[in-house]
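The values are calculated or read from the model by the stated rules, or taken from the named source; none is laboratory data. Owing to the predicted nature of the structure, the values given are computational and were not obtained by experimental measurement. Positions of Cβ are generated from backbone atoms using ideal geometry, with glycine treated the same way; all protein chains shown enter the neighbour counts.
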Amino acid sequence: MAKHLTGLPHAAVILVLLSAAGERAVAHPAHAKPVNYPFVVGFERFHSSNDDDEYLAAGGLILLNEMNCVACHAPPPTLADTLTGVVATDLTGAATRLDPISLEIFIRNPRFLKRDSTMPSLFAGPDRNLDEVNALKHYLATLTYEVPDYPVGEVEAGRSLYHRIGCVACHAPELEYRPAGLPASAQVEMTGLASVPMNLADLYDLRTLTHFLLYPNDHRPSGRMPDFKLSEKDAIDLAAYLKAGPDLVLPGNLTTALDSGETFVIDPALVEQGRALFATKNCTACHVIPGAAEKTTALLSRPLLELKTEPRAGCFSDRPVGGTVPFYGLDEVQKRAIAAALARLAKTARPEGPAEIDWRMKLMNCYACHERDGIGGVETSREVYFGFADEKAQLLGRRGHLPPALDSIGARLTAEWLGRVLHHERDGESVRPYLATDMPLFRKETIAPLRELFLRVDSTAGKAGAIPDGNGEAGKAIFHGKGECIRCHDAGLVPSTGWPGIDLATSPARLQRGYFDEIARAPQWQHPGALVPPATLTQEDLDDLWAWLRSLAKE
């Protein structure tokens, strides 16, 4: 039997549903307060109402991509490779993660449950067809999967993990939480940059939340939530912490109106109707049909170049207008940014080189952890949550606990290693064991364009000649003697005698030879503030040292 608002006057329906957004239980202390507009982190960090229209237009392009406007409105050909949009949440298992009432509310208007959602509603307007809502609910209710019965984790272990492994680079730290080892006199500052809300944790149960944390790239193909390669123990502890606060509680009048009191039974006829509606309502513009190999062709509306932003109607409307127009609930800054972007779209050149890297790093929120060319990096007030792996790592200062800058990364790392770091399976052994935070993994299809950009833009191809053969035995002596490398660095099974430097045995596989020579000769130039003294090594010395390090990889 249908679970929708039958028998209630239209005005009462609106009032009841709107009350859902305001009558929430107190969220978990680590949840960022949800904003009342679509939250796009790349826009939030770098754009505000104080921007002039020229700069704000760049933020408007981010919104057009991340809110998937380009799924329905084709960009101009010159920007087709830039404004590619995103693939939305994989709906496989939607009914395992959400109960029938939550499914129905999400179909009607996602912002009733997740006010910061970038997903618009097609059923929030006055002409909504509740029979269609019901049919879609029956279809989505068939999308289940098996989730293991994970053990219950430890809240305190999860709290420590959440604040140590990098979650707080994007999400809010818990108020008044003090990281372990922080001196009593040290003050923990309030964060200033916006944090990504994560109130869907309130809707998932422990099992489904644990499963999501273990396999985020399967759930979110866009890669905006990467895979931290958590162990099962870490995942269940983290889930236990995120569920430690009260769950979201819908107001009684809403749940009573939606719930007929009968057990929800899937109707096969409604399932087929809902399956057809999933395509005709253009859900396929953003979502892959569960079971399909790839996203189907969307039903396109007017191209971006033909859109008008005045008067404030259509997607710019403050209230749902119905029909085929989706309701986003944009705030005024977002409307201004999109309007500025559309006004300049015909003259906007495709970002190239460093500008394209900047664009993609903003989309993927790489700047939450990494700095490049003076942009981004961990917010100062959040640095305290990036811990040192051990006491020895503290000798390295900020370099001993913060993710590295990505300046010229494509000229520093080999193509193979860069791919391994970003999206390939790793053996769990970190190159920087002194960092408590590890580099997360992304789907290859999602991160490959950024990898190729790093290599192409930063490339120093043609500057280095053939690598001469060196004397491995002489290189070993340099490592232990003249070069003094052993003072700070390991080399395979050869342990250092002091500082917790990077294991140099990985250098031939990891570093481009030209960069290895540069950093060996002048580490302070490549890494200002590094505590490594410059070694007076000749080119022959470097060839010998390289030859020995290469021999270690073969042993």
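Structure values in brief
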{"read-out": "Hits in region 69-110 (condition: within 24 Å of the chain's Cα centre (by Cα), among the hydroxyl-bearing types (S, T, Y) and closer than 28 Å to E306 by Cα)", "value": "T82, T84"}
{"read-out": "Cross-chain or 6+ apart pairs with Cβ under 6 Å, region 364-381 first and at positive phi, then surrounded by fewer than 19 Cβ atoms within 10 Å (Cβ to Cβ) and at pLDDT 95 or above", "value": "G377/E371"}
{"read-out": "One residue from D490, D541 being closer than 30 Å to R372 by Cα and modelled with pLDDT of 75 or more", "value": "D490"}
{"read-out": "Region 468-499, residues that are in contact with a Cys (Cβ under 8 Å, 6 or more places away or on another chain) and farther than 18 Å from T538 by Cα", "value": "A491, S496, G498, W499"}
{"read-out": "Checking S49 against (1) buried (at least 17 other Cβ atoms within 10 Å of the Cβ); (2) in contact (Cβ under 8 Å) with a residue 40 or more places away in the chain; (3) within 16 Å of L330 (Cβ to Cβ), the condition it does not meet", "value": "(1)"}
{"read-out": "Selection from region 188-244 of residues that are assigned to a helix (DSSP H, G or I) and among the β-branched types (V, I, T)", "value": "T208, T210, I236"}
{"read-out": "Failed item, numbered, when I62 is tested on (1) under 30 Å from L214 (Cα atoms); (2) in contact with a strand residue (DSSP E or B) (Cβ under 9 Å, 6 or more places away or on another chain)", "value": "(2)"}
{"read-out": "Near pairs, Cβ below 8 angstrom, 6+ apart or cross-chain, from region 114-132 (without any contact (Cβ under 8 Å) to a residue 60 or more places away in the chain) to any residue that is in a loop (DSSP other than H, G, I, E, B) and of a type in the set (A, V, I, L, M, F, W, C)", "value": "N129/F123"}
{"read-out": "Pick from region 80-113, criterion of a type in the set (D, E, K, R) and surrounded by 22 or more Cβ atoms within 10 Å (Cβ to Cβ), ranking: nearest to G42 (Cα to Cα)", "value": "R111"}
{"read-out": "Residue check, T460 under 30 Å from P226 (Cα atoms), among the polar types (S, T, N, Q), out of contact with any Phe, Trp or Tyr (no Cβ under 8 Å at 6 or more places or on another chain) and modelled with pLDDT of 85 or more", "value": "no"}
{"read-out": "Some residue of region 249-256 being modelled with pLDDT of 90 or more and either touching a Gly at 6+ places or on another chain (Cβ under 9 Å) or on the phi < 0 side of the Ramachandran plot (or both)", "value": "no"}
{"read-out": "Any hit, region 309-317, residues being surrounded by 14 or more Cβ atoms within 10 Å (Cβ to Cβ), of a type in the set (S, T, Y) and without any contact (Cβ under 8 Å) to a residue 24 or more places away in the chain", "value": "yes"}
{"read-out": "Of all residues making up region 177-199, the number that are free of Cβ contacts under 8 Å to residues at least 12 places away in the same chain and either surrounded by fewer than 12 Cβ atoms within 10 Å (Cβ to Cβ) or of a type outside the set (K, R) (or both)", "value": "4"}
{"read-out": "Region 119-132, residues that are within 19 Å of H287 (Cβ to Cβ) and surrounded by 20 or more Cβ atoms within 10 Å (Cβ to Cβ)", "value": "P120, S121, L122, F123, A124"}
{"read-out": "Within region 344-441, helices (runs of 4 or more DSSP H) holding 2 or more residues that are among the small types (G, A, S) and over 16 Å from the mean Cα position of the chain (by Cα)", "value": "409-412, 415-422"}
{"read-out": "Matching residues, region 463-487, being surrounded by fewer than 21 Cβ atoms within 10 Å (Cβ to Cβ), modelled with pLDDT of 85 or more and assigned to a loop (DSSP other than H, G, I, E, B)", "value": "N471, G481"}
{"read-out": "Among (1) surrounded by fewer than 18 Cβ atoms within 10 Å (Cβ to Cβ); (2) in contact (Cβ under 8 Å) with a residue 60 or more places away in the chain; (3) under 19 Å from Y150 (Cα atoms), the one test that T210 misses", "value": "(1)"}
{"read-out": "Selected residue (only one of A201, A184 is assigned by TED's automatic domain parsing to the domain that holds A279 and out of contact with any strand residue (DSSP E or B) (no Cβ under 8 Å at 6 or more places or on another chain))", "value": "A201"}
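Residues are listed down the side, and each one gets a yes or a no for (1) at pLDDT 70 or above; (2) under 18 Å from the mean Cα position of the chain (by Cα); (3) within 20 Å of D205 (Cα to Cα); (4) not assigned by TED's automatic domain parsing to the domain that holds G85:
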residue: P226; (1), (2), (3), (4): yes, yes, no, no
residue: K233; (1), (2), (3), (4): yes, no, yes, no
residue: G245; (1), (2), (3), (4): yes, no, yes, no
residue: S260; (1), (2), (3), (4): no, no, no, no
residue: T263; (1), (2), (3), (4): yes, no, yes, no
